[in-house]
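Some notes on the structure that comes next.
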Amino acid sequence: MKKIFLIILLWAGMSQVSAQKADYHIVPLPTSIEQDTTKSFVLQTGMAISYEADNKEAQSTAEFLCQWVKEATDISLQLTPDNKRAAIRFVLGLQGKGITVKGQEAYTIEIGKTGILVRANEPEGLFRAAQTIRKSLPVGIKEQKVAFPFVRIQDAPRFAYRGVLLDCARHFFTVDVIKQFLDVMALHGCNQFHWHLTEDQGWRFEVKALPDLAVKGSVREKTVIGPSNMRIYDNVPYGGYYTQDDCREIVRYAAERYINVIPEIDMPGHMMGALHVFPNLGCTGGPYPVAPHWGVMRDVLCGGNPETLDFLKTAFGELCDVFPSEFIHIGGDECPKDRWKKCPKCQAKIKELGLKEVNGRSPEDQLQTYLNHEIEQFLASRGRSLIGWDEILAGGLTENAIVMSWRGTKGGIEAAKQKHRVIMSPNVYAYIDHPQLKDYSKQPRTTDSYQVSCSKIYSFEPLIPDALTEEEQDCILGVQANLWTEHIAFPEHAFYQLLPRLAAMSEVQWCQPQQKDFEDFKARLPRLEKIYDKLGVQYCRQVE
Ligand code: ACM
Ligand code: ZN
């Protein structure tokens, strides 16, 4: 008997020695990691994960973690609800001595001799913790065990809003590709998927009351090849749109990963897809092609035609039916006023509203604000809040508008000073359609006016302390990376543009400024890239 006991002890000890170690220095870096590296808990095949039996969300997270552990290490764990002796325990409730993290995404992971205890205020926190455990694992190992050094991790994100935009209008990406995109977002702790659905080059959201809108408005006859101004086309029709069932499936899939989907219908500019189907909504009456090239189009929705608002309310109404998001994006960017200045209907509306040039605000810019106001009221009646690009400042912000600052941070600063909520997405730091490497010949061709490198993104400080008081800084909800797709037609290219720049962005979104260190980030990146390899997504192998 004694001998057997000794053998078991020896075996257990040896397994401690031979097991590869988990490493908690992941991306984005947790808020606090207090380790005792002299002792480890060894997780191995056959062990259990437990969650509170009546908690479906915790169960779903436990299932995810089982799958991620299996993918990385070949360790098979068992799901056992309400099992106090399980190796990994998910528990709701986060009080106790020395706990400093707060909020619905806050969590702690305590690892000691009895195993891995995960605690959070909300299921969302359990999910973030599960991602941390996943990213701590050695990837691609053969042994069915991993040693977890004793630790207490405390973690919570810096910003509540951690977004990524995918432009599915310039190019169409399938539901499966979007799901993969959402998986990658969740891996980086992102929680807002901004889905750019309508454009000059195609309208991609099914509106049931207007069946031709997506069927015809999604198809352009041809696409420009190379620089837009060369006007050389492929002469191949290009289309694709999302049915409302597709959209609901994306919303469901995203919600399982604690990601909110913010749909965007870009108005009143970027509307050639819709104008092609409803030329009566343009100032000149058309005809209008679905745009076959990129750039800013002069033809926009007529601001003086009452049918414009009827159209928008129908489209936004169905958008609200499909997307539960509190935030709805109305675009508002790049709307030239050339047509409005000459259009009798627009000018009559300006007169009717009594709009005059004030404080450098043109009557036409104020006409855009009038449209925004109507849509804001409509969205509010559905319990939603309006987000717009920073051009919505030009004619004056509507009462509760949230500003997404893209032309640098200036618009965001101005909006925060007016006590409006702001999302920072400045092009020079956050436009990941731009090249990531200095040498253009080393990467696929894309938007090429300036480089947006990992280090550039990493250096971004969203609260702009030089310009904003602490109270104004409270208006900054968070940060977003934008992946426009004029030059990105294939998923492989989209992921190449996204990664590893999203990793750099994730530390801007998640980490406290004093934690950030680019060299340290680069040292932590290769283990994350092993997960990219496992997921089969493309990424840029060089970090500048
Ligand atoms: C934008 O990049 N036009 C928002
Ligand atoms: Zn007009």
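Every number in this text was worked out from the coordinates using simple rules, so none of it is lab data. Computed from a predicted structure; not experimentally measured. So basically every Cβ, Gly included, is an ideal-geometry build from the backbone, and we count neighbours across all protein chains shown.
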Open item on the list: Please give me, ordered by residue number, the trypsin sites (Lys or Arg not before Pro) of segment 79-161 that lie in loop per DSSP and have at most 11 other Cβ atoms within 10 Å.
Closed with: K84, R85, K97, K102, K113, K142
Task: Those residues of segment 321-358 whose amide nitrogen sits under 20 Å from the label point placed on S228, 7 Å along Cα→Cβ - done: 330-340
Task: Förster-model FRET efficiency, 45 Å R0, D82 and V215, C-beta, rounded to 0.05 - done: 0.30
Open item on the list: Over the chain, what is the relative contact order in percent, taking alpha-carbon pairs closer than 8 angstrom and at least six residues apart?
Closed with: 14
TODO: Report relative contact order for segment 92-197 in percent, whole number only (criteria: Cα-Cα under 8 Å, sequence separation at least 6).
DONE: 27
Open item on the list: What distance in nm separates the two pseudo spin-label positions at V428 and D338, each 7 Å out from Cα along the beta-carbon direction?
Closed with: 2.9
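Given a Förster distance of 25 angstrom, what is the FRET efficiency for R407 paired with R361, based on the Cβ-Cβ distance and rounded to 0.05? All intermediate terms of the calculation are to be shown ahead of the outcome.
Numbers: r = 17 Å, r/R0 = 0.69.
Once rounded, the FRET efficiency stands at 0.90.
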TODO: For A523 and N235, compute 0.36 nm times the residue count separating them, minus their Cα-Cα distance, and round to one decimal in nm.
DONE: 99.0 nm
Task: Fully extended contour minus Cα-Cα distance, from K534 to K113, at 0.36 nm per residue - done: 148.5 nm
TODO: Give me the distance in nm between label points sitting 7 Å out from Cα along the Cα-to-Cβ direction at A53 and D321, one decimal.
DONE: 4.1
- [ ] May I ask you to list the trypsin sites (Lys or Arg not before Pro) in segment 180-219 that are in a DSSP loop and have at most 13 other Cβ atoms within 10 Å of their Cβ?
- [x] K208
Open item on the list: For the pair I141/Q515, report the inter-label distance in nm, with labels modelled 7 Å from Cα in the Cβ direction.
Closed with: 2.4
Task: Sequence-distant aspartates and glutamates (8 or more away, or on other chains) whose Cα lies within less than 16 Å of K145 - done: D23, E71, D74
- [ ] Could you tell me what % of all Cα pairs in the chain have separations over 37 Å?
- [x] 35
- [ ] Determine, for each peptide in 280-292, 218-230, the mean count of other beta carbons within 10 angstrom over its residues, then list the peptides with the highest first.
- [x] 280-292, 218-230
Open item on the list: If you average the alpha carbon positions of segment 478-507 and of segment 388-453, how far apart do those two centres end up, in angstrom?
Closed with: 14
Task: Given K337/K456; K216/K313; K313/K345; K113/K142; K97/K456, the pairs whose alpha carbons are separated by over 27 Å - done: K337/K456; K97/K456
Task: Sequence-distant residues sharing a close amide H with W203 (under 5 Å, placed H) - done: S218, V219
Open item on the list: Let me check against my output: what whole-number percent is the relative contact order of segment 41-116, with C-alpha pairs under 8 Å and at least 6 apart?
Closed with: 38
